[in-house]
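This report refers to the structure that appears directly beneath it.
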């Protein structure tokens, strides 16, 4: 016959009485407590002997803190039921300002002790670690390596116990001090506490306050966190790489579309003529070209002017005119090209050609009206370059230009594709800036603020 199932023992509290005020003191830690605090007078008591002894006289009533998780509260976390049996407030002082955080001691008779910490609405689930992390460096700062993750040093300071309540499995009293160091790998934080005779390590996991409230069935809602905490996970983690990946994919698709347009858009040369202009010529410089046919569909046209200009400029007023309707596309192009040499060698500026795109030109019969103008006087003879190395020009005739006008229809305009590519850049750039701003805010409160080159 099989033995009947035996239910595990139910955790019960026991009570003793404070030797200072006579009030009841409850024990919930199954004999693990070494220190207990009277909830009435706040005396710190030695719980290691049958008779409670006063370790520290009653704390100042004005120092009393009210825990957000009341002692005796039970909740289920990661499938295990925990009871809050201890509470303490600790703080560090920087430049005369004390920054405090809360620590809650949780107990399960089979799983042992765990902790919850809270600073300005930021919570961490903390567990002690058995093995020591490996000491390393990250750049110029200290770091530790633990279970496949590198934790970079965030800050170190002397932490002082400000207020205690409940029971603890170690000796604790107000004004106890330890040297605390935090090493971060969001959402994790490795913390060490160093005293004169030992170093203890713990691993914290950033936990939303709403999850704590739900697990322990606390009334109301969790206070909203303030600022960016040291191991708070970035809401932009993964989004930056994802946004740049989407940008790359969209840019590739845009390139394919542009190539497709270039393939299906068969450009046709509808005009290719050579001309000469001289400022010595008498009469009206403007003229019209021969009539030419533009067929097919409405599409972009591209006009290119190629010249033999050297050390001079020319401006061309142009109009593409529909012979039938009289509709005109007016535009102008300037061409300038200068070259010479100085003490550094030869140099050149500008170009001997220029192009313009005429959008949405419908089919029909057209002609061009051309009106050139340019520098009207001869260049002075070149002189030897002075010792200072100032530039000198190669002497050329400045009053005559030979030029060619080529007009093509059905040319693919890539301006819209360039604009689309620029617009695609906006989301990943914004995402990158926001992620960098978040990390700047995180490290601004560390021992390595970004202004000193320590932040990422």
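Considering the stretch 122-136, and only residues there that are surrounded by 11 or more Cβ atoms within 10 Å (Cβ to Cβ) and within 10 Å of residue 151 (Cα to Cα), the residue that is farthest from the chain's Cα centre (by Cα) turns out to be 133. Is it the case that residue 196 is buried (at least 17 other Cβ atoms within 10 Å of the Cβ) and either in contact (Cβ under 8 Å) with a residue 24 or more places away in the chain or assigned by TED's automatic domain parsing to the domain that holds residue 103 (or both)? Answer is no for this residue. Condition test on residue 113, is it surrounded by 20 or more Cβ atoms within 10 Å (Cβ to Cβ) and in contact with a strand residue (DSSP E or B) (Cβ under 6 Å, 6 or more places away or on another chain)? Here the answer is no, as residue 113 does not meet what is asked.
So that you can scan it fast, the table gives a plain yes or no per residue for (1) surrounded by 16 or more Cβ atoms within 10 Å (Cβ to Cβ); (2) modelled with pLDDT of 90 or more; (3) in the same structural domain as residue 285 (by TED's automatic domain parsing); (4) touching a helix residue (DSSP H, G or I) at 6+ places or on another chain (Cβ under 8 Å):
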position	(1), (2), (3), (4)
317	no, yes, yes, no
321	yes, yes, yes, no
345	no, no, yes, no
399	yes, no, yes, no
407	yes, yes, yes, no
422	no, no, no, no
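All conditions in (1) under 13 Å from residue 408 (Cα atoms); (2) assigned to a strand (DSSP E or B) hold for residue 314, with the sole exception of (1). Applying a threshold of 8 Å to beta carbon distances and a minimum spacing of six or more residues, or different chains, the list of pairs starting in the stretch 237-262 at a residue that is surrounded by fewer than 16 Cβ atoms within 10 Å (Cβ to Cβ) and ending at one that is not in a helix (DSSP H, G or I) reads 237/186; 261/412; 262/412.
Applying the criterion of being more than 13 Å from residue 76 (Cβ to Cβ) and either touching a strand residue (DSSP E or B) at 6+ places or on another chain (Cβ under 6 Å) or without any contact (Cβ under 8 Å) to a residue 24 or more places away in the chain (or both) to the residues of the stretch 214-225, the residue that is surrounded by the fewest Cβ atoms within 10 Å (Cβ to Cβ) is 219.
Residues considered: 434, 369, 365. Of these, the only one that is modelled with pLDDT of 90 or more and either in contact with a helix residue (DSSP H, G or I) (Cβ under 8 Å, 6 or more places away or on another chain) or not assigned by TED's automatic domain parsing to the domain that holds residue 321 (or both) is 434.
Please determine, by comparing only the residues of the stretch 294-309 that are part of a loop (DSSP other than H, G, I, E, B) and touching a strand residue (DSSP E or B) at 6+ places or on another chain (Cβ under 6 Å), which one is surrounded by the most Cβ atoms within 10 Å (Cβ to Cβ). Ranking the qualifying residues of the stretch 294-309, first place goes to 309. Return yes when residue 330 is in a loop (DSSP other than H, G, I, E, B) and without any contact (Cβ under 8 Å) to a residue 24 or more places away in the chain and no when it is not. Considered against the rule, which asks whether it is in a loop (DSSP other than H, G, I, E, B) and without any contact (Cβ under 8 Å) to a residue 24 or more places away in the chain, residue 330 comes out as no.
Quick one: would you say residue 291 is free of Cβ contacts under 8 Å to residues at least 40 places away in the same chain, loosely packed, with under 15 Cβ neighbours inside 10 Å and assigned by TED's automatic domain parsing to the domain that holds residue 404?
So residue 291 does not fit the description; no.
Whether a residue is at pLDDT below 95, within 19 Å of residue 70 (Cα to Cα) and crowded, with 17+ Cβ neighbours inside 10 Å was assessed, and residue 162 passes this test.
The values are calculated or read from the model by the stated rules, or taken from the named source; none is laboratory data. Only a predicted model underlies this, so the values are computations on that prediction, with no experimental measurement involved. Note that each Cβ is placed from the backbone with ideal geometry, even for glycine, and that neighbours are counted across all protein chains shown.
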